[in-house]
1. For Ala43, what is the net charge nearby, where nearby means another residue's Cβ is under 15 Å from its Cβ and Lys, Arg count +1, Asp, Glu -1?
2. Can you list the residues, at least 5 places off or on another chain, whose amide H is less than 5 Å from the amide H of Leu40, using H built in the peptide plane?
3. Pull up all non-local amide H partners of Leu145: gap of 5 or more, or a different chain, and H-to-H distance under 5 Å with H placed in the peptide plane.
4. Tell me the label-point distance for the pair Arg55, Asp30, using the 7 Å Cα-to-Cβ offset, in nm and rounded to one decimal.
5. Just the ratio, please: alpha-carbon radius of gyration of region 29-139 over 2.2 N^0.38 Å, N its number of residues.
6. Using R₀ = 45 Å, calculate the FRET efficiency as 1/(1 + (r/R₀)^6) where r is the Cβ-Cβ separation of Ala124 and Glu150; round to 0.05.
7. Could you give the nm distance between label points at Ile132 and Ser106, where each point is 7 Å from its Cα heading toward the beta carbon?
8. Beta carbons within 10 angstrom, averaged per residue: use that to sort the peptides 120-126, 47-53, highest first.
Amino acid sequence: MDPRKQVLSALFCFGVACFSALGCGRKGPDVQFVTGVVTLDGAPLEGAMVAFSPRDGQGLGAVGTTQSDGRFTLNAAASRPGSGTTRGEYAVTIEKSEYAEYPDISPDDPRYGTPEHERLISIADATPPAFITPRRYADVGTSPLTAVVESGTNEFIFELSSDEK
């Protein structure tokens with residue numbers, strides 16, 4: 001047999017073996033669709049990160065970001081975007097922070113690469129984020145928020161208050 005045909009035949013067999021090992025119907029973790037709404041002081045909260053962390057160490061952590069109407073859809077690791085997370089009990093954290101703006105100095109600006117430019121960058125680097133949501137919601141250890149994800153579609157409403165410490 002021609003050596004090129006042997007190589008092609010071997011590659012074809014290898015490809016078939018890999019495809020068979022992966023399986024046609026493999027779908028990953030059994031995730032449930034999870035959506036919700038986040039409000040702060042009664043108004044929709046845009047741009048907040050919502051995270052579901054498994055309470056018992058089992059489950060699949062997932063995150064989502066709120067839109068202008070406060071709605072979010074969870075995305076779990078190793079699953080389709082927007083698919084949610086696995087069934088179980090979750091601690092929920094929600095955080096929205098604003099970060100310092102970095103100087104917008106282009107290369108044709110006379111300050112570019114100067115000590116003044118470096119000073120402005122240092123100021124931005126040293127400025128801590130300003131929390132829009134109370135910090136307690138951003139930490140698994142202090143957040144009072146929980147969720148139980150069940151089979152099917154899950155929708156949660158989280159009403160935050162900036163008065164809470």
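1. Values: positive: Arg71, Lys96; negative: Asp41, Glu46, Asp69, Glu159, Asp163.
So the environment of Ala43 carries a net charge of -3.
2. Sorted by chain and number, the residues that satisfy this are Leu45, Leu160.
3. Counting only residues 5 or more places away or on other chains, the set is Val92.
4. Going by the 7 Å Cα→Cβ label model, 2.0 nm.
5. On the way: Rg = 18.8 Å, N = 111, 2.2 N^0.38 = 13.2 Å.
Output field value: 1.43.
6. Numbers: r = 44 Å, r/R0 = 0.98.
With R0 = 45 Å, the Cβ-Cβ based efficiency is 0.50.
7. The modelled label-to-label distance comes out at 2.9 nm.
8. On the way: 120-126: 11.7, 47-53: 20.6.
In descending order of packing, they fall as 47-53, 120-126.
FYI, it's all coordinate maths here, none of it is from the lab. The structure presented is a predicted model; accordingly, all values stated were derived computationally and were not measured. For neighbour counting, all protein chains shown are included, and Cβ atoms are generated from backbone atoms with ideal geometry for every residue, glycine included.
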